[in-house]
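The values are calculated or read from the model by the stated rules, or taken from the named source; none is laboratory data. Since the model is a prediction, treat every value here as computed from it, not as a measurement. Ideal geometry is used to build each Cβ from the backbone, glycine not excepted, and the neighbour counts take in all protein chains shown. With ligands, DNA and RNA removed, areas are computed over all heavy atoms of the protein, side chains included. Shrake-Rupley method; radii C 1.70, N 1.55, O 1.52, S 1.80 Å.
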Amino acid sequence: MENKRINEVKEMLQKDLVETDDLKVLDDLRVKYLGKKGLITELNSEIKNVSNEEKKEFGMKVNELRKEFQDFYDKMKNKLDEEELNKRLESETIDISLSSTKVPLGAPNILEKVIEEVEEVFLSMGYDVVDGPEIEEDKYNFEMLNIPKGHPARDAQDTFYIEGEEILLRSQTSPVQVRTMLKGKGEVPIRMICPGKTYRRDDDDASHSHQFMQIEGLLVDKDISLSDLKGTMDILFKRLFGNDVETRFRPSYYQFTEPSVEVDITCVNCHGKGCNICKNTGWLTVVGAGMVHPNVLRMSGYDPEKWSGFAFGFGAERLAMLKYDIKDIRTFYNTDLRETSNFDREDEE
Ligand code: DAH
């Protein structure tokens, strides 16, 4: 009886196993033979009703049927899957020979680039790059820098006050010196530079901007002298403008340094011969600096009998203008890409 059923299924299988190019037809066949109520599945569950003598042979025959179906199914499935994939690949091909839309290239912000160059020089000498607030207290911007209220030195920096006489937009990055020393809690060495925005109530013209960037520097340690400052300035400007650039000090006056100096470099345009950029002097003034005033050290928790230091500050725009021959400081704050991306194309392509 059971053998008869096997032969019936076998016959049906022989008829059914014809090539098809339809995955649905193939799947229907799978359900018909191997599904839950499939013909081969049913035969399989018959095994338990077969007498012991016939069990082995019956089992083998059912397995043969299953294998025959499975082989057919696998072969067809692979073939149809492959055909399907090829069809998709064909319809989805991308024509890479089409020309693309041209995307305009950006250029590094020139001011940012100069600041980064300065940072690298000082980082290589063990300095930290630090930040300070742009909205500052009068105490840090002036008083602790030895510029008390009512002092005429305040007039030179026409300041934006925000609240009364106490809160202002910093007019220089020098307050970061004070903040750094207070944080240092009397420990040495202190080596920091601070690039940042500063604000003054100036009328904007080719060389003035009510907002500009300064880079402040401070070093405090034992036995620091003016010659350390000179060496540091030498390194900075040789690295920025080339080894033939020289620096010189001229006496100057700042409330928070004693002695104070202006740092000049040989003119980057005429290399010292004299031209209209250096007003025929051969030199350009680029930095204000000096030895940190004993009062400033003391107010910030450093004993001037024990420690000494130098400080300096300069405008980043002025440096960038000299380096890239930019005539108008307002160029940096102009958002016209045709102008601001024109200075330096070396990073392109
Ligand atoms: N803060 C000064 C200015 O804005 C520049 C300056 C001069 C900074 C001397 C210093 C310094 O640290 O020692 O004009």
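Annotation: cysteines of the chain without a disulfide-compatible partner (Cβ-Cβ under 4.7 angstrom) are Cys194.
Note that the stretch 110-348 shows a convex hull volume over its alpha carbon atoms of 132 Å³ per residue.
In this calculation the C-beta distance from Glu83 to Glu8 is compared with R0 = 45 Å, giving a FRET efficiency of 0.85.
Note on the stretch 92-191: Kirkwood radius taken over Cα pairs, Stokes-Einstein applied at 20 °C and 1.002 mPa s, translational D equal to 122 µm² s⁻¹. Site pair Leu23 and Val129 shows an inter-label distance of 5.6 nm when each label is modelled 7 Å from Cα along Cα→Cβ. Backbone amide hydrogens, once placed in the peptide plane, bring Val261 within less than 5 Å of Ser252, Ala289, Gly290, excluding anything fewer than 5 places away on its chain. Taking the Cα centre of the chain as reference, the dipole from Cβ charges on Lys and Arg (+1) and Asp and Glu (-1) amounts to some 620 debye.
The local environment of Glu143, defined by Cβ-Cβ distances under 15 Å, has a net charge of +1 under the rule Lys, Arg +1 and Asp, Glu -1.
Over the stretch 2-91, all Cα pairs binned in 10 Å intervals from 0 give whole-percent P(r) values of 16, 43, 24, 12, 4, 1, listed from short to long.
Just report the Cα centroid separation between the stretch 73-113 and the stretch 208-269, whole Å. Using only Cα atoms, the two centres lie 56 Å from each other.
The overall shape of the stretch 158-237 is oblate: from the C-alpha gyration tensor, with semi-axes ordered a ≥ b ≥ c, the ratio a/c is 1.5 or greater and a/b is no larger than b/c. Taking amide H atoms as placed 1.01 Å from N in the peptide plane, the amide H of Phe310 lies under 5 Å from those of Leu219, Val292, each 5 or more residues away in sequence or on another chain. As a length-normalised measure over Cα pairs under 8 Å and 6 or more apart, the relative contact order of the chain settles at 15 percent.
For the stretch 14-61, the set of trypsin sites (Lys or Arg not before Pro) satisfying both a DSSP loop assignment and a count of at most 16 other C-beta atoms within 10 Å is given as Lys36, Lys37.
The order of the peptides 177-186, 244-253, 190-199 by mean Cβ neighbours within 10 Å, most packed first, is 190-199, 177-186, 244-253. Using the alpha-carbon positions of the stretch 40-155, Rg (one decimal) and Dmax (whole number) come out as 42.0, 121 Å. Ranked from largest to smallest solvent-accessible area, with a 1.4 Å probe on the protein heavy atoms, Glu187, Glu134 come out as Glu187, Glu134.
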